[in-house]
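Everything below concerns the one structure shown next.
Since every read-out is calculated from the coordinates, none of them should be taken as a lab result. Here the structure is a predicted model, which is why all the values come from computation and not from measurement. No Cβ is skipped: glycine too gets one built from the backbone with ideal geometry, and neighbour counts run over all protein chains shown.
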Amino acid sequence: MYEVGIIGGGAAGLAAALELSRRRVSSVVIDSDKHIGGLSRDLCCKANPVCQRCDACSPVDIRREVRKSPFVTLISSSDVIDASGGPGAYTLSLQSSSGISEIEVKSVIVAIGSPTFDAARDARYRYSDCADVLTSRDLETMMISGNISVPSTGKTPQSLAVIQCVGSRDAKHGAPYCSKVCCKYSLKLVKRVRKELPEIEVTFFYRDWRPSDREYDKLAEYGKEKGVHVVRSRPAEVIIGSRPLVRYATVEDEVREDPFDIVVLAVGLQPPQNSQKLASSLGMECNQYGFFIKKGEGAYAAGCCTGPKDIRESVEEGIAAAGKAAAFLEGLQ
Ligand code: SF4
Ligand code: SF4
């Protein structure tokens with residue numbers, strides 16, 4: 001039997017495992033993905049050239065430490081399909097390609113993260129049918145590959161638009177909340193792109209600027225740079241032409257359609273799927289959107305599955321959840 005079962009091997013889950021290891025408490029980290037590391041594995045370094053403190057490398061460093069720990073067992077490519085029992089004696093049912101197995105643990109930390117919004121659901125922005133409309137995650141992947149090009153032509157892009165708040169602050173798509181991270185990350189991402197392509201013209205379409213690092217004047221400052229344009233507007237749609245056209249109303253209520261080589265949708269964070277079922281089986285609760293509520297005894301939640309947050313905050317929550325689980329285990333003795 002392990003002391004703690006950690007469901008999810010992203011930033012919060014790995015941070016929880018490392019903290020428990022430091023306290024000499026055994027844990028097992030279960031992740032549905034083939035590779036442990038979560039969403040941050042797909043994020044590029046934003047150094048420009050100095051570190052921009054995007055924290056994308058932090059889970060990589062933590063994972064390295066976790067791998068060396070004799071107190072942590074990592075199980076990948078496995079889904080927790082059910083849970084039973086209660087504080088002090090939980091049974092987690094795991095499904096993998098080799099079948100169903102069970103793990104006994106005394107405490108549980110849920111750190112299953114949250115998926116990004118499926119941009120195809122907001123048909124206005126034509127993600128499904130225009131190759132040159134990308135999500136911010138697609139642009140991260142492009143950056144990691146080292147090849148920033150217009151998907152439809154393979155040419156170097158001369159212009160790029162970023163549309164903020166896609167799948168966030170949008171009641172129609174079940175996400176009326178702010179995703180907190182997309183302002184900060186999209187600005188850092190675009191700065192990194194412009195380091196590679198200094199001539200590219202960039203336009204940010206934003207409603208409000210809400211960076212989680214609270215550096216509220218960063219966008220306005222950046223907007224003063226040559227080649228950077230900042231437009232306060234939520235575009236109505238993307239129109240497919242020889243290049244994608246962004247249709248939007250200016251603050252003077254003039255309707256414009258501007259062409260760009262690439263349009264990037266800054267997608268927000270969604271609640272984890274089937275969170276309510278997992279929460280019920282562990283005696284936990286979710287809020288009205290499906291994010292886990294951080295309360296209870298024996299079973300704890302940390303990271304983006306409790307609501308949108310950046311990597312640093314996820315790591316902090318993972319450490320805090322580990323502290324609670326360790327205190328709970330001490331109480332059992
Ligand atoms: S914090 Fe971000 S920018 Fe800094 S080194 Fe790590 S990945 Fe690169
Ligand atoms: S962080 Fe910025 S882009 Fe993301 S939902 Fe909030 S306001 Fe919109």
At R0 = 22 Å, FRET efficiency that the Cβ-Cβ distance of ASP118 and ALA327 yields, to 0.05: 0.05
Among 89-99, 22-32, what's the highest-first ranking by average C-beta atoms within 10 angstrom per residue? 22-32, 89-99
If THR156, THR203, THR306 are placed from fewest to most neighbouring beta carbons inside 10 Å, the sequence is THR156, THR203, THR306
Using the alpha-carbon atoms, what tilt in degrees (0 to 90, nearest 10) does helix 136-145 show relative to the longest principal axis of the chain? 90
The rounded separation in angstrom of the Cα centers of the range 1-18 and the range 96-165 is 24
With each label point set 7 Å from Cα along the Cα-Cβ vector, what nm distance links ARG23 and GLU254? 6.1
Rounded to the nearest 500 deg cm²/dmol, what is the calculated helix-only ellipticity per residue at 222 nm for the chain, with -39500 (n - 2.57) per DSSP H run of length n ≥ 4? -7500 deg cm²/dmol
Which residues does a label at SER152 reach in the range 106-133, if reach means a backbone N under 13 Å from a point 7 Å past the Cα toward the Cβ? 126-133
Local electrostatic count at ARG121 - Lys and Arg +1, Asp and Glu -1, tallied over other residues with Cβ under 14 Å: -1
For ALA83, enumerate residues with amide H under 5 Å from its amide H, sequence gap 5+ or separate chain, H modeled in the peptide plane. SER93
Using 0.36 nm per residue, how much length does the chain from GLU102 to MET1 gain when fully extended, once their Cα-Cα distance is taken away? 35.3 nm
Ranked highest first by average number of other Cβ atoms within 10 Å, how do 36-46, 56-66, 263-273, 136-146 line up? 263-273, 36-46, 56-66, 136-146
Taking Cα atoms only, helix 182-196 is inclined relative to the longest principal axis of the chain by an angle, in degrees rounded to 10, of 60
Mind checking the angle between helix 311-332 and the chain's longest principal axis? C-alpha axes, 0 to 90 degrees, to the nearest 10. 10
Can you say what percent of the DSSP beta bridges in the chain, counting only those with both residues inside, are antiparallel? Round to 5. 40
Given labels modelled 7 Å from the Cα in the Cβ direction, how far is it in nm from SER84 to LYS295? 2.8
Share of antiparallel DSSP beta bridges in the range 119-267, in percent to the nearest 5? 35
For the range 149-230, which trypsin sites (Lys or Arg not before Pro) are in a loop by DSSP, counting at most 11 other Cβ atoms within 10 Å? LYS155, ARG214, LYS224, LYS226
